[in-house]
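Contents: one structure, followed by commentary.
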Amino acid sequence: MNYQPDTKGFYGDFGGAFIPELLYPNVEFLRKHYLEIIGSESFQKEFNSLLQDFAGRPTPLYFAKRLSEKYNTNVFLKREDLNHTGAHKINNTIGQILLAQRLGKKRIIAETGAGQHGVATATVTALMGLQCVVYMGKVDMERQAPNVARMQMLGAEVRPALSGSQTLKDATNEAIRDWINHPEDTYYLIGSVVGPHPYPDMVARFQSVISEEMKQQLQEKTGRDYPDKIIACVGGGSNAAGAFYHYLDNKKVELIAVEAEGLGLKSGHTAATTQTGSEGIIHGSRTLLMQNEEGQITEPYSISAGLDYPGIGPLHAHLFKSGRGRFMGATDQEALNAAYELTRLEGIIPALESAHALAALGKIELTKDENVVVNLSGRGDKDLQAYIKNLSDFEKD
Amino acid sequence: MNRIENLFQNKKNILNIYLTAGYPKLNDTVEIVKELENAGVDMVEIGMPFSDPLADGPVIQHSSTVALKNCMTLNLIFSQIQEIRKSSDIPIIMMGYFNQLMQYGEEAFFEKAAHCGVDGLIIPDLPVEIYSETYNDKVKKLGLDMIFLISPQTENERIRLLDEASSGFLYVVSSASTTGKISNMEQEKSYFERIQKMKLKNPLLIGFGISDKKSYDTACNYASGAIIGSAFIRALEKNGSIKQSVHEFIKTIRP
Ligand SMILES: Cc1ncc(COP(=O)(O)O)c(C=O)c1O
């Protein structure tokens, strides 16, 4: 089984570029040139130096002793939460901003859900002195208000997406429409392994630094460069793609992807794409998505704005269909509990998204001699409101 | 010869009007098409409302949202088209997004469309390469036209490819935009001239941002006619009967 896309961007049955002709020139140009540009020595040099000195990489691989005791196994946390701006998203925005610069683009657009990708984009556009417009669902702007303020302070314009469910899906639609309207000067900086080819592959490559570092860190800490299990949450799937990337072909590593079940699979308020979705097209990619029998895309729900997306990237659809990945879900409540637990056991407040990955620890069989890496994709500052609101319930239990 | 070819052979300055099926009311589609025909419109493009219409601006997005709230479905659109066909030979194009076809079943969709008297299809997010490889034979066998779009950014070589894959006509998008943005037709003259000089296989219709008599007339100078969408949808939002709204609007385009 091959887990890299073919030249047309297909991972098995999934991927490709199902886009209006108006986007074709831009997307085709990227397709033809992205590998050559990001593979070049000067690009790699600049990319790596910014990852190190600006983002603060490598991020630690932390052995979580008390969490390990609780689950009777060896849990390592890949500390993407310690990146500049608080999540893995910066790995990708640094990569894409360098690409946009080399293409001579002056205006950057992005979509954001939790606001983490928006903040990471506004950060690199400030760094490079480029204009930045971020589309964000109106509902998300309300529930992630601190991130809206951060983006604005960084000089970005945040435009509310007012269509549909007013969340990440609609923000992505608006960004794509903006790109259609500004094909010459604008670069669309996508925040996850979604969208038309070559975006899923490009974003996965920029995020692959996560598993590249993991290999070396595991070698040092465990004497083996691979773990038994890697657990990551999946919204679009970029932190998971980065954490899985260098282990895709190593069958000894179990790849566990955790989706947001929201209020539960049968509640009608969920974002668990593989469990409730089917094959179709979303945002230019053939993949799994949540839709009705007419092909109308349904509105997802999760307490976590970053996981509130009705699709997954084509790589993940392929991992799911081929059986290479193990897909499971965590509800709002399970994620909240996992977040409180990590806070009290390890002194780390995780992002609500990452808390879904942590919740999987309580839902899978684990043994004493196993090494499990949980990709802690982000920190919880942005989610404090939700945490504070629900804390008393947790403490009652 | 199908209805579309027949039209282009016999008429100039073709006026093609886009409407969203099921908007403003679920069962308005048939009446709107009939009134358009009575008002002298040459061809209609019936939009299949979609939850995430990437190529569309706010006006068509809104009409799609309303139509979906009205519970529009593909099968209902097909039966409305059958109803229209009982008394009309106006060329009919269906416009929608590929995911809708995938869930219906692509083959089943093409067969049903042909059976109901649809003449052509516009699927803006179906890549021409995948169409040619996978669907062209079936679509042609059923006598349907597949119409592709070109924009000011499309390179000549690709224009030829899209022209080759199209039949009926080629859809010339007036400017780099989603639907409904008023385009500056004067600015695009060199683009229209470039396309005109290419001597393409298909006749041309210019669309996106055509909103009034002036932009319609300009389009007719460079192509076989024009397609009007958002401006017409907006006209339907006005008070008054459908009959009145349709006739008043068409009179502003062709006094
Ligand atoms: C901290 C964090 N983790 C995960 C995600 C989900 O995105 P992805 O699945 O692309 O990693 C987000 C998205 O906003 C996020 O902010």
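A few remarks follow.
- Prolate/oblate/rounded label for the stretch B:90-239 (Cα gyration tensor, a/c 1.5): oblate
- Relative contact order %, the stretch A:124-275, counting alpha carbon pairs below 8 Å whose residues are six or more apart: 15 percent
- Total charge dipole magnitude, the stretch A:272-383, about the Cα centre, Cβ charges on Lys, Arg, Asp, Glu only, Debye to nearest 20: 340 debye
- About its Cα centre, the stretch B:1-159 has a charge dipole of approximately 420 debye under the convention of +1 per Lys or Arg Cβ and -1 per Asp or Glu Cβ, with nothing else charged.
- Remark: the stretch A:375-380, residue by residue, has Karplus-estimated 3J(HN,Hα) of 7, 8, 5, x, 9, x Hz, where x stands for each Gly or Pro and the curve is 6.51 cos²θ - 1.76 cosθ + 1.60 at θ = phi - 60°.
- Rounded Å value of the spacing that divides the Cα centres of the stretch A:127-186 and the stretch B:1-62: 33 Å
- Prolate/oblate/rounded call for the stretch A:1-44, Cα gyration tensor, a/c under 1.5 rounded: oblate
- If both residues of a DSSP beta bridge must be in the protein assembly as shown, then about 20% of such bridges are antiparallel.
- Among B:P127, B:P152, B:P91, the residue with the largest mean-square fluctuation in a Gaussian network model of chain B, with springs joining Cα atoms closer than 10 Å, is B:P127.
- Of the residues A:H283, A:H182, A:H197, the one that moves most in a GNM of chain A with alpha-carbon contacts below 10 Å is A:H182.
- Cβ crowding within 10 Å, taken as a proxy for footprinting-reagent exposure, orders A:S377, A:S211 from fewest neighbours to most as A:S211, A:S377.
- A cut-off of 5 Å between modelled amide H atoms, ignoring neighbours fewer than 5 places along the same chain, links B:G47 with B:L19, B:T20, B:A21, B:M95.
- Selected from A:H356, A:H117, A:H318 as most flexible by GNM, with chain A as the system and alpha-carbon contacts under 10 Å: A:H318
- The distance separating the Cα centre of the stretch A:294-327 from that of the stretch A:339-397 comes to 21 Å.
- Rotationally averaged projected area of the protein assembly as shown (alpha carbon convex hull; nm²): 28.5 nm²
- For B:D125, nonlocal amide neighbours, meaning residues 5 or more places apart or on other chains whose placed amide H falls under 5 Å from its own, are B:F98.
- Note: relative contact order over the stretch B:3-253, using C-alpha pairs below 8 Å and six or more positions apart, is 23 percent.
- Residue order for B:C220, B:C71, fewest other beta carbons within 10 angstrom first, comes to B:C71, B:C220.
- Restricting the trypsin sites (Lys or Arg not before Pro) of the stretch B:178-253 to loop positions (DSSP other than H, G, I, E, B) with no more than 14 neighbouring Cβ atoms within 10 Å leaves B:K199, B:K201, B:K238.
- With one equal scatterer per alpha carbon and no solvent term, the Debye-computed log10 I(q)/I(0) for the stretch B:3-253 at 0.08, 0.17 1/Å reads -0.27, -1.41.
- Each part reduced to its alpha carbon centroid, the stretch B:68-135 and the stretch A:257-286 end up 27 Å apart.
- Dipole of the stretch B:38-100 computed with +1 at Lys/Arg Cβ and -1 at Asp/Glu Cβ about the Cα centre; of B:S64, B:V41, B:L54, farthest Cα towards the positive end is B:S64.
- Coupling constants for the stretch A:50-55 follow from the phi torsions by the Karplus curve (6.51 cos²θ - 1.76 cosθ + 1.60, θ = phi - 60°), and in residue order they are 5, 4, 6, 8, 9, 7 Hz; glycine and proline get x.
- Taken over the C-alpha atoms, the stretch A:261-397 has Rg and Dmax values of 15.9, 49 angstrom.
- Charged neighbours of B:K34, selected by a Cβ distance under 13 Å, balance to -3 (K, R count +1; D, E count -1).
- Listed by Cβ neighbour count within 10 Å, with the fewest neighbours leading, A:E395, A:E341, B:E5, A:E21 appear as A:E395, B:E5, A:E341, A:E21.
- For the stretch A:93-101, the Karplus equation 6.51 cos²θ - 1.76 cosθ + 1.60, evaluated at θ = phi - 60°, returns couplings of 5, 5, x, 6, 5, 5, 5, 4, 4 Hz by residue, with Gly and Pro reported as x.
- Each of A:A317, B:N136, A:F54 was scored by the projection of its Cα onto the charge dipole of the protein assembly as shown, and the greatest displacement toward the positive side belongs to A:F54; charges sit on the C-beta of Lys, Arg, Asp and Glu.
- Chain A: relative contact order in percent, alpha carbon pairs under 8 Å with at least 6 residues between: 20 percent
- Cross-link pairs exceeding 29 Å between alpha carbons, from the set A:K78/A:K382; B:K69/B:K243; A:K138/B:K189; A:K32/B:K138; B:K34/B:K201: A:K138/B:K189; A:K32/B:K138; B:K34/B:K201.
- Around the amide H of A:T331, modelled in the peptide plane, lie the amide H atoms of A:E261, all under 5 Å away and 5 or more residues distant in sequence or on another chain.
Bear in mind that the values in this text are calculations on the coordinates, not laboratory data. Please read all numbers here as calculations on a predicted model, not as lab measurements. Backbone-built Cβ (ideal geometry, glycine too); neighbour counts: all protein chains shown.
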